[in-house]
Amino acid sequence: MHSSTSSFDAGGLPVAATRSTMTARKGIIALLLGLAVILLGLETASPFILTHLSRIERRVENETRDARALGPFTADGRPTVLLTGNSLLIEGVQMDALHDTLAPQYEVSRLAIEQTHYLDWYFGIRRLLEQGSHPSVIILSLATDQLASRFTLGESFAHRQMSIRDFPLAVREANLDKTTASTYLFAHWSNWLADKGFIRQDVLILLVPNFRDLAARIADHGPHVNDPSVLLRMAQQRLPELHDLSETYGVKIVLLVPPTLHQDHSQEVQELGENSGVPVWVLVSPGEFSRDLFRDGFHLNRQGSQIFTERLADQIRTKIGDIPPGK
Amino acid sequence: MLFDTPIFFVFLSVVVAVYWCLGFRNQNRFLLVASYLFYGWWDWRFLCLMIASTIIDYFIAIKIADTKDPRIRRALLVLSLVVNFSILGFFKYFNFFADSAFTALSALKIPASLPFLRIILPPGISFYTFQEVAYIVDVYYERLPPSRSFIDYGLFITLFPHLIAGPIQRPSHLLPQVQKPRQWDSEKGFDGMLLILEGLFRKCVIADNCALIANAAFGGAFGRPTIPVLLLGTYAFAWQIYGDFSGYSDIARGCAQLMGFHFMVNFRQPYLADSIQDFWRRWHISLSTWLRDYLYIPLGGNRFGERKTYRNLMLTMLLGGLWHGANWTFVVWGGLHGAGLAAERKLTRGKPETRGQLPRWIKRILIFHFVCLTWIFFRAASLRSAWEMLKGLGRWSWKPEFPAAFLFLAIFSIPLLLVDLYLESSGDEYCFASATVQPRVAFGLACALVIAFLGANQANAFIYFQF
């Protein structure tokens, strides 16, 4: 039984329209124009909306801008070190302390984006280097399962970190189906597609008290790589990729494995790194940090990050010079 | 191609624009090619399977119509049913039955080694198979003549808006529309655009957000099941699956209307049903009426006494459950609905006044919760997981994030409930359907804005794509 507004009779065949065709035509034009205005408005305004709403977005934007401008040395001749990674880096390393400790020898800066994995950074670093960034050393902080993951940050990755030249490779590496691949392609050029997830999150933070805690619990972090053989196979494939990147752009690249409570096979990954020519820093053995140094079992708390930052500072001070430069 | 992705809207825009530039015959040819492209986008091998299945039924239907001998006609009907259900059975149920047989033999301590094949389920196979079966059966019973044009028949089966997840179109409804020239009608076009926007709202805003809570609850992110976790998971899934599937149906109907076709209504405020029978008149109407007409009634319906009626109800719902997927969870889901329908019939038989004993809103709440209970089996990965979830009814826990989770769920489910209450009272097919043009434009743009700001950030496949 169709409603009285339907243009069909009960048998589904067209009958005379009940409203004037002219009116409906105007409605279509008004709707299409309205949708076009909304789309154009969102496309133009979304970066401003996002930076206005989100402190995180402002940080990422500032860090990206600074990272793009990095040369191998500062004006006073100190080598530059760029730390890249995700929330494990943000919460695991106290940047102010690290910066102050190393200031006499190195200029340390950070580019961190939450929920990113290996592919985000492999393509992200490539794009950064293509755009003229040239730090002396890039330290990529990833847990070993993140090194093996095929997960990316979706449309945001496609917009911010993937260059269009890398699109076919990104599709292959992330094992994307055609529909998702096409969405990545659109997102590469669209501010709105890239930002809409973050804007939605910020709107929900305004609407739902304690939404951040809820989001941390319900967010989809992608499939975890639990199988050690898969993890090591992927590491074996990906560490040479990082080495090639280092060689191509003449930048030292180091993989930093953050502390974990459980066995993460970082020692084996470290050995693979030695064979591949990419230093893998495991500054804390799996399980060495007790649970009370973690905020939630994954991210370090203030005390944990203080200890880890001190170890990282020592490592940078003593080991960076040992790393062979890229060609 | 998912309906909520940019590539689909590029595809749709190009198809609609080219379609209206062509003459009638070329429109059908063009739409058939576009529908094949739409389907082959997933995997061209699935396309070959679908075309082969379509060709077989096209020729069998003509042969049935041209044959006078009832035995040959019957043999052709059986041949078509065997071919259709064999294809469906192999791709959808082979591993299920092999695994079930292996489990049963193992339980009896009989050593067995059964083949387990890596079979990929072709998208939409259950939908187009049911449509083909309906066509063959209708031709056999001379309810409609067979299509003598493969283009027309192929388009009836594969018209892309309904191809992957329905609504399952009746031959008597869609085939005549395919066979006759269609004229652009601004009313239908405008309605179609609004249906697409409302469908996207249901899918991207309601379903995809509720999915986050449902996935967290069923996936263990809130800890082991307790009463709050069970409530969160079940309510969230109830609104997720409703938003998801009714959203898909609205988008499908909207796309069809942009090309001058009409698809049957697939949902009519199901959570406002006041009996289980009423629920099945409102939920997935194209499937429930198909099951009624091509399974329940041929089994005898309610014509051979009470016991056979209950048997027919149970069989229909069990098979309806199995249609959804090769898992015992779906069988139990269908069984619960079948048992509910039978119990309801038993309780109300000859006593129509019993339906009036409780206020209608109480009956609606009771039916909603019965349906929610059955959704646990539909959503759970296995019977064991469903049972674990149900055991949560005996446990209590409270976590700091629960208030935010309930508020989040309320924000994304209450709007759909309000929409349904409005549609129920107005009798409209979609919001503001009977209003003048200005409020409808405003409604469409409001939908677009809400989708833009609150739509989930990544496209999720529609749940019914897997069926």
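Between A:I253 and residues 5 or more places away or on another chain, which pairs have amide H atoms under 5 Å apart, with H built 1.01 Å from N, and which residues are they? Under 5 Å from the amide H of A:I253 lie the amide H atoms of A:I138, each far enough along the sequence or on another chain. How large, in Å, is segment B:129-182 by the Kirkwood hydrodynamic radius built from its alpha-carbon pairs? Computed over segment B:129-182, the radius equals 11.2 Å. The magnitude of the dipole of segment A:19-127, with charges of +1 and -1 set on the Cβ of Lys/Arg and Asp/Glu and taken from the Cα centre, is near 840 debye.
Give the shape of segment B:25-159 as rounded, prolate or oblate, defined through the alpha-carbon gyration tensor: a ≥ b ≥ c are the square roots of its eigenvalues, a/c under 1.5 means rounded, and otherwise the shape is prolate if a/b is larger than b/c and oblate if not. Taking the square roots of the gyration eigenvalues as a ≥ b ≥ c, segment B:25-159 is oblate. In the frame of its principal axes, chain B has Cα extents of 66, 65, 51 Å, reported largest first.
For the segment B:431-439, counting C-beta atoms of other chains within 10 Å of every residue's C-beta and taking the mean gives 3.
Taken over chain A, the ratio of Cα radius of gyration to 2.2 N^0.38 Å equals 1.22.
Histogrammed with a bin width of 5 Å, the alpha carbon distances of segment A:133-287 distribute as 2, 8, 14, 16, 17, 17, 14, 8, 3, 0, 0 percent, first bin at zero.
Stokes-Einstein diffusion for segment A:199-322, with the hydrodynamic radius set to the Kirkwood value over Cα pairs and evaluated at 25 °C in a medium of 0.890 mPa s, equals 145 µm²/s. Counting, for every residue in A:174-185, the Cβ atoms of other protein chains within 10 Å of its Cβ and taking the mean gives 4.
Of the residues A:L102, A:I139, A:I218, the one whose Cα sits farthest towards the positive end of the charge dipole of chain A is A:I218 (charges of +1 on Lys and Arg Cβ, -1 on Asp and Glu Cβ, taken about the Cα centre). For B:K308, list the aspartates and glutamates whose Cα falls under 16 Å from its own Cα; do not include residues on the same chain fewer than 8 positions away. Excluding near neighbours in sequence, the set is B:E344.
3J(HN,Hα) along segment B:267-282, derived from phi through the Karplus expression 6.51 cos²θ - 1.76 cosθ + 1.60 where θ = phi - 60°, amounts to 9, 9, 6, x, 7, 9, 5, 10, 7, 5, 4, 5, 4, 6, 7, 10 Hz, with x in place of Gly and Pro.
Across all Cα atoms of segment A:73-223, the radius of gyration (one decimal) and Dmax (whole number) stand at 17.0, 50 Å. Sites listed here are trypsin sites (Lys or Arg not before Pro) in segment B:284-316 whose DSSP assignment is loop and whose Cβ has at most 10 other Cβ atoms within 10 Å: B:R303. Helix screen, chain A: DSSP H segments with Cα axial length of 24 Å or more and mean Kyte-Doolittle hydropathy at least 0.0 are A:21-53.
Taking a straight line from the alpha carbon of A:K196, these aspartates and glutamates sit under 13 Å away, with near neighbours fewer than eight places off in the same chain left out: A:E43, A:E57, A:E155. Dipole orientation for chain B: of the candidates B:Q183, B:I120, B:M389, B:M389 has the Cα lying most toward the positive pole (charges on Cβ; Lys, Arg +1; Asp, Glu -1). Using every pair of distinct Cα positions in the protein assembly as shown, the Kirkwood expression returns a hydrodynamic radius of 29.3 angstrom. Stretching the chain fully between B:W396 and B:F453 yields a gain of 17.0 nm (0.36 nm per residue, less the alpha carbon separation).
Using the alpha-carbon positions of segment B:40-110, Rg (one decimal) and Dmax (whole number) come out as 17.5, 53 Å. Under 5 Å from the amide H of A:V108 lie the amide H atoms of A:V81, each residue being 5 or more positions distant or on a separate chain, with H modelled from the backbone and absent for Pro and chain starts. When the chymotrypsin sites (Phe, Trp or Tyr not before Pro) in segment B:366-454 are filtered for DSSP coil states and for at most 13 other beta-carbon atoms within 10 Å of their beta-carbon, the remaining sites are B:W396, B:W398.
The three principal axes of the C-alpha atoms in segment B:187-466 carry coordinate ranges of 54, 48, 38 Å, sorted with the longest axis first.
In a simple Cβ point-charge model (Lys, Arg +1; Asp, Glu -1; nothing else charged), segment A:266-327 has a dipole of about 260 debye relative to its Cα centre.
Each principal axis of segment A:265-327 carries a Cα extent, and these read 42, 25, 15 Å when sorted largest first.
Stokes-Einstein diffusion for segment B:154-227, with the hydrodynamic radius set to the Kirkwood value over Cα pairs and evaluated at 10 °C in a medium of 1.306 mPa s, equals 100 µm²/s.
Among B:A34, B:L155, B:S100, whose Cα lies farthest out toward the positive end of the dipole of segment B:21-183, if unit charges sit on the beta carbon of Lys, Arg (+1) and Asp, Glu (-1)? Of the candidates, B:L155 comes out farthest on the positive side. Each residue of segment A:152-159 was assigned a 3J(HN,Hα) from its phi angle through the Karplus curve 6.51 cos²θ - 1.76 cosθ + 1.60 (θ = phi - 60°); the sequence is 10, 7, x, 4, 5, 4, 4, 7 Hz, with glycine and proline shown as x. Note on B:177-190: average number of Cβ atoms from other chains within 10 Å of each residue's Cβ is 5. Rounded to the nearest 0.05, what FRET efficiency do B:A442 and A:L207 give with R0 = 22 Å and r taken as the Cβ-Cβ distance? Could you check? Calculated value: 0.50.
Rule-based calculations on the coordinates, nothing more; no lab input. Only a predicted model underlies this, so the values are computations on that prediction, with no experimental measurement involved. Cβ sites come from the backbone with ideal geometry, for glycine too, and all protein chains shown count toward neighbours.
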